[in-house]
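Structure, as C-alpha cells:
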Amino acid sequence: MAEEFIPVNIPLFDGNEKKYLCECIDTGWVSSEGPFVKKFEENMAEYVGRKYAVAVSSGTAALETAVLSMGFESGSEVIIPTFTIISCAQAVTKAGLIPVVADCRLDNWNIDIDLIEKKITPKTCAIMVVHIYGLPVDMDKIYELAQKYNLKIIEDAAEMHGQTYRGKMCGSFGDISIFSFYPNKHITCGEGGMILTDDENLAEECRKIRNLYFTPDRYIHHKIGSNFRMTNLQAAVGVAQLEKIKEHVQVKRKLGKLYNELLSDIKDIALPVAQTEYADNIYWVYGIVLGESYAVNASEFITLLREKGVGARNFFYPVHLQPVYTKDGYFKDEKCPNAEKLYQKGLYIPTGTGMTEQQVYAVAQRLKETLIMCRE
Ligand SMILES: *Cc1c(COP(=O)(O)O)cnc(C)c1O
C-alpha cells in the first residue's frame, strides 16, 4: 500500500493571509506602491528591533542590495562561510568584491570563528555572518574580531526569524542584516526578502538600489540599481505571517525536539545540537549527518528516503567547490574538510511549519527503516 508522501517542506497559512490578499485585489493595490509593503517593513523593524527595514523581492536580492549599499572599494575581500548558500558568494562577487571562505564546525555547522583571523588581510572589509540551519553564530567573538581589525559585519539571518543570540534578536547584529521569506523559512510570502539596519544612509541607499537607483530627479540615474521591489501581494502575506511568528517558531521547536527524542537512539548519526550557551536551536531545517558506518552518501540516502515516501534535501554544496568560481581560479588551494564532509553525508528531513506530529512520527519510522537497510 502506498504511504502518504511527506514533502520536505509544508508551509502554514492559518492567519490573515487570505483577508489581506483580498484587500489588495479589492483596492487594486498590487504593486510595490501598496500600503502593505510599508507596513511589513515597519512591523519587521519593530519585531527585530532595528530602526529601518527595506523590503525586497528575495533573500538573495536582500544580500546583493545590502553588500552593494556598503560601498566597499572594488577588489576588497569579504570573509564568508564556505558552508552556505551560493547567494552569499554571489552578493560579494556581483559587487566587485572577493569572497574569502572559512570552513565550518562539525557540531553546529556554523563558520569556525577560530579560522577567521588567519584569513584577514589588509584588503578585508567585512565579515558576512551566516547563521546556519537553526543555531546562531557566536556574535561576541565576531564583534571582537570586527573591532580589532575595523571590519564591517553583514548578518545573513535568512534562516533565523524569531531566533535570539544571548536574548537579542537575530537580524539586529552588525551594520546590516537580511532575511528571506522563501516558503521554507519560518515566515514566508512566496518569494521575498528584507534588509534591516540602524543606519539611515544605508537604508536610503538600499531603497535606491532596489528601485533602479531612482532618485528624486526622476528618470536621471547616477548608479546601477535593480528592480528588487516587493509587491503589495507579497507584503500582504508577509504581514499576516509575521502576526503568527510566535506560533510558527513554537511549531518548529516542537517538531525539532520531537525528532531529537525519536532519533536519539540511532547509532552513528549526528543530530542538531539542541542548545548552546547562547541559544536554543530553532530547527530551521532538521539536519542529520550520516556516520562512516553507513555505506551511502547523502544523495544516495535521499533517493532511498524518497522511495519510502519522505522528501529530503542535501546540505549546502561548499562555496569553495562551486564550479562557477573554481573555473575562474577562485579558492585554488582552499581546503575545508568539514564542509566537504557535511555535504557528503548531510541531509535534512521534513520540518515545515505546516507539518503535524503524526508526520514526524512517520518520518522517524521510515528514516530508521532506511538507515537499517544501509548498515547491512
Ligand atoms: C534562503 C537563504 C537565502 C536566500 O533567500 P532567497 O529568498 O531564497 O533568495 C540566503 N541566505 C541563506 C542563509 C538562506 O538560507
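What follows is calculated from the coordinates using simple rules that are stated; it is not laboratory data. Remember, predicted model here, so these are calculated numbers, not experimental data. With ideal geometry, Cβ positions are generated from the backbone for all residues, glycine too; neighbour counts draw on all protein chains shown.
Please state, to two decimals, what the Cα-based radius of gyration of the stretch 1-109 comes to when divided by 2.2 N^0.38 Å (N = residues).
1.48
In deg cm²/dmol and to the nearest 500, what is the mean residue ellipticity at 222 nm of the chain if only DSSP H runs of at least 4 residues count, each as -39500 (n - 2.57), divided by the residue total?
Here the helix-only value at 222 nm equals -11500 deg cm²/dmol.
Show me the chymotrypsin sites (Phe, Trp or Tyr not before Pro) within the stretch 178-234 that DSSP assigns to loop and that have at most 16 other Cβ atoms within 10 Å of their Cβ.
213, 214, 219
Which length gain, in nm to one decimal place, applies between residue 4 and residue 292 when the Cα-Cα distance is subtracted from 0.36 nm times their residue separation?
100.6 nm
Need the C-alpha centroid separation for the stretch 45-84 versus the stretch 153-201, integer Å.
9 Å
Nearest 0.05, what FRET efficiency do residue 13 and residue 86 give at R0 = 22 Å with Cβ-Cβ as r?
Efficiency computed from Cβ-Cβ geometry: 0.20.
How much length is gained if the chain between residue 119 and residue 46 is pulled fully straight, taking 0.36 nm per residue apart and subtracting their Cα-Cα distance, in nm to one decimal?
22.7 nm
Cα centroid distance between the stretch 13-37 and the stretch 338-376, in Å?
37 Å
Just tell me, in residue order, which DSSP H segments of the chain are both 24 angstrom or longer along the helix axis (alpha-carbon based) and at least 1.6 in mean Kyte-Doolittle hydropathy.
Taking the DSSP H segments of the chain (at least 24 Å long, mean hydropathy at least 1.6), we get none.
Could you give the nm distance between label points at residue 327 and residue 222, where each point is 7 Å from its Cα heading toward the beta carbon?
3.8 nm
In µm²/s, what is D for the chain at 37 °C and 0.692 mPa s, where D = kT/(6 pi eta Rh) by Stokes-Einstein and Rh is the Kirkwood radius from Cα pairs?
153 µm²/s
Quick one: work out the % antiparallel among DSSP beta bridges in the chain, nearest 5.
So the antiparallel bridges amount to about 60 percent of the total.
Excluding the sites themselves, what is the longest stretch of the chain that contains no trypsin sites (Lys or Arg not before Pro) in a DSSP loop with at most 15 other C-beta atoms within 10 Å?
The answer is 52-122.
Mind running the shape call on the stretch 222-269? Use the C-alpha gyration tensor, a ≥ b ≥ c as the square roots of the eigenvalues: rounded below 1.5 for a/c, prolate if a/b tops b/c, oblate otherwise.
Oblate.
Among DSSP beta bridges lying fully in the stretch 147-256, give the percent that are antiparallel, nearest 5.
In the stretch 147-256, DSSP labels about 75 percent of beta bridges as antiparallel.
Hey, what does the equivalent ellipsoid look like for the stretch 195-339, semi-axes from the Cα gyration tensor as sqrt of 5 times each eigenvalue, largest first, whole Å?
Equivalent-ellipsoid dimensions as semi-axes: 39, 25, 16 Å.
Do any GluC sites (Glu not before Pro) in the stretch 260-300 lie in a DSSP loop with no more than 12 other beta carbon atoms within 10 Å, and if so, which?
277, 292
Residues with beta-carbon under 13 Å from that of residue 269, excluding residue 269: net charge, scoring Lys, Arg +1 and Asp, Glu -1?
+1
Assuming a ≥ b ≥ c are the square roots of the Cα gyration tensor eigenvalues, decide whether the stretch 52-143 counts as rounded (a/c under 1.5), prolate (otherwise, with a/b larger than b/c) or oblate.
oblate
Past 30 Å, Cα to Cα, is the threshold; run 18/252; 148/168; 39/185; 246/345 against it and keep the listed order.
From the list (18/252; 148/168; 39/185; 246/345), the Cα-Cα distance tops 30 Å for 246/345.
Shape call for the stretch 103-249 from the C-alpha gyration tensor, a ≥ b ≥ c root eigenvalues: rounded (a/c under 1.5), prolate (a/b greater than b/c) or oblate?
The shape class here is oblate.
Can you give me the relative contact order of the chain as a percent, contacts being Cα pairs under 8 Å and 6 or more apart?
Reported as a whole number, the value is 24 percent.
Give the calculated FRET efficiency between residue 260 and residue 30 to the nearest 0.05, with a Förster radius of 35 Å applied to their Cβ-Cβ distance.
For R0 = 35 Å, the calculated efficiency reads 0.25.
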